[in-house]
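The values are calculated or read from the model by the stated rules, or taken from the named source; none is laboratory data. All values reported here derive from a predicted model rather than from experimental measurement. Using ideal geometry, Cβ is built from the backbone for each residue, glycine included, and neighbour counts are taken over all protein chains shown. Please note that ligands, DNA and RNA were not included when accessible areas were found on the heavy atoms of the full protein model with its side chains. Shrake-Rupley method; radii C 1.70, N 1.55, O 1.52, S 1.80 Å.
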Amino acid sequence: MFDLFTVAEHFTPEGRVVDVREFGSGNINDTFLVTLNPPEGKRFVLQRVNTRVFHQPHLVMRNMRIAAEHIEGRLKQKPLPAGRRWEFPLILFTDNGGDHWTDPEGSFWRAAGLIENARSFDTIRNLDHACEVGYAVGVFHALLADLPPERLSDTLKGFHVTPLYLRRYDHVLQKKERMDKSPEMTYCQRFVSKRRPWAHVLEDAKATGKLLPRPIHGDPKVDNIMIDDSTGQAVGIVDLDTVKPGLVHYDIGDCLRSGCNATGEEAELWQEVRFDTDLCRAILRGYLAAAGEFLTSDDFDYFYDSVRLIAFELGLRFLTDHLEGDLYFKVKLQGQNLTRALMQFRLVESIESQENAIRTILGEIRQAA
Ligand code: GN1
Ligand code: MG
């Protein structure tokens, strides 16, 4: 890899870099925390964008800028209630004014300011945290609700389009010369086949015009929500690579599948993973406190399917990547993507077994909205 100090210095006209270290637990990009020289010791986030995943990183940056400008304008017109803090990670520019720097080996680097006095957590800590996570996603949707989605580019074609992931899975299975016949793999294959007929539920609703495209975050999992150190309130969402047109249901599903799994995505015992309905209620309450206004009755009808589907889809994506040899999601251990898949599938089963309880919560929340 290109020397990290040299890369970081392209984004910092005013200071010298004293430290660069790995940061966060992203599965796709390489992320580093850069510290500048004292006395201020300013810090920022440096990332090498994975261009095997994001083929047009310039458009990723463009989407980010459009969203940032729109949110800034909206907040100026109408600040959040009760003077709540809300920040968008500041895009840092290079010495010649670009929003990225391409190194001589062709890697695409970009940098963003840190949201100060705030941090994120890998898993939900309590009901208040859950409510704040939901609120953050709601604020994000509400602030972008009047941005025409077609102003954003589709930077990751097929992202969260479950039938396309199924097609890819079929293709990879077909190509496989020797099939792993372990009990885990047999379970996964049966699991996917059983749910295949239902897996196009959101795409069907999109095709018939019941659900409409809107600007989305694309990856609103718990560890992308920044929480203020002193107030415990959500103050922003980071990781904006997948801001693009989509269904808000992808985000709601992703936030719930991440937030209601209290053991986290990398728990040691996948058999013990479960979907916590109290956390679900708290996340949805927080979400609707901020996003209630633009949701339609059809939108509410698909909330249950969203959480079930996005958990299923993520499991399918991990499974396919395992079968392909871990080309997409980074792994530290062999078989890690299979374990991740099993975990999401276990979560799906837990969601399915609590369908009535989840639908009851959705009914209560809908009435209160
Ligand atoms: C990936 O890299 P990271 O952790 O921000 C993935 C998400 C998954 C997530 C699962 C562009 O996000 O869709 O939900 O892993 N991002 C992309 O942890 O595929
Ligand atoms: Mg991400």
How long, wide and thick is the chain, going by the Cα atoms along their three principal axes, in whole angstroms, largest first? 57, 54, 37
With label points set 7 Å from each Cα along the Cα-to-Cβ direction at residue 333 and residue 128, the distance between them in nm comes to 3.5 nm
Loop only per DSSP, at most 13 neighbouring Cβ atoms within 10 Å: give me the GluC sites (Glu not before Pro) in the stretch 317-364, ordered by residue number. none
Note down the relative contact order for the stretch 116-369 as a percent, whole number, built from C-alpha pairs under 8 angstrom at least six residues apart. 30 percent
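Say the cut-off is 30 Å between C-alpha atoms; which of 181/330; 176/332; 210/330; 176/330; 157/181 go over it?
Numbers: 181/330 24 Å; 176/332 23 Å; 210/330 36 Å; 176/330 21 Å; 157/181 32 Å.
Where the Cα-Cα span goes over 30 Å, the pairs concerned are 210/330; 157/181.
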Förster radius 51 Å - calculated FRET efficiency between residue 21 and residue 178 (Cβ-Cβ, nearest 0.05): 0.80
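Taking only protein heavy atoms and a 1.4 Å probe, what accessible area per residue, in Å², does the chain have with all protein chains in place?
47 Å²
Can you show me the helix-derived [θ] at 222 nm for the chain, built from DSSP H runs with n ≥ 4 at -39,500 (n - 2.57) apiece and divided by the number of residues, rounded to the nearest 500. Write down the numbers at each step before the final one.
Numbers: 12 runs with 165 residues, N = 369.
After summing the helix terms and dividing by residue count, I get -14500 deg cm²/dmol.
If R0 is 56 Å, what FRET efficiency do you get for residue 171 and residue 119 from their C-beta distance, rounded to 0.05? Kindly include the intermediate steps, with their values, before the conclusion.
Working: r = 41 Å, r/R0 = 0.72.
For residue 171 and residue 119, the calculated efficiency is 0.85.
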Between the stretch 237-282 and the stretch 125-156, what's the alpha-carbon centroid distance in Å? 13 Å
Quote the Stokes-Einstein diffusion coefficient, in whole µm² s⁻¹, for the stretch 1-114, based on the Kirkwood radius over alpha carbon pairs, a temperature of 20 °C and a viscosity of 1.002 mPa s. 140 µm²/s
HN-Hα J in Hz across the stretch 213-218 - Karplus 6.51, -1.76, 1.60, θ = phi - 60°, x for Gly and Pro: x, 9, x, 10, 7, x
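On a full-extension model of 0.36 nm per residue, what is the gain between residue 78 and residue 153, subtracting their alpha-carbon distance, rounded to one decimal in nm? If you can, show how the numbers build up before the last one.
Details: separation 75, 0.36 × 75 = 27.00 nm, distance 2.64 nm.
Contour length minus the Cα-Cα distance gives 24.4 nm.
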